[in-house]
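Read the structure below first, then the notes.
Since every read-out is calculated from the coordinates, none of them should be taken as a lab result. Because the structure is predicted, anything quoted here is derived from the model rather than measured. Because the Cβ atoms are built from the backbone with ideal geometry, glycine has one as well, and the counts that use them run over all protein chains shown.
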Amino acid sequence: SFCEVLPKDELTCCDSPFYMNYEMDLQDSVLGEGSFSICRRCTHKKTGQQYAVKIVSKRYELLFNMQLEQDRLIG
């Protein structure tokens, strides 16, 4: 699983609701890729149902939030 390939000091993501309920194999090929995100296959742990999950870059999220704040201050 994803958590098993991370160094011990980076395991905090595995406590997230997503990783508690879904598995994602990083060895699988990427389903899609964009400027600020990638799409991967994940599997619901209890049902085995497969889904596509879009993973957005934190850098994009930061830039988006900065732009919102700037717009709020100007407008």
Amide H partners (placed H, <5 Å) of residue 45, local residues excluded: 22, 23
Virtual spin-label span in nm between residue 41 and residue 56, 7 Å along Cα→Cβ: 2.6 nm
Environment charge at residue 41 (Cβ cut-off 9 Å; Lys +1, Arg +1, Asp -1, Glu -1): -1
Under the Karplus curve 6.51 cos²θ - 1.76 cosθ + 1.60, θ = phi - 60°, whole-Hz ³J(HN,Hα) for segment 28-40, x wherever Gly or Pro sits: 5, 6, 5, 6, x, 9, x, 5, 10, 7, 10, 10, 10
Charge tally in the Cβ shell below 14 Å around residue 29, where Lys, Arg are +1 and Asp, Glu are -1, residue 29 excluded: -1
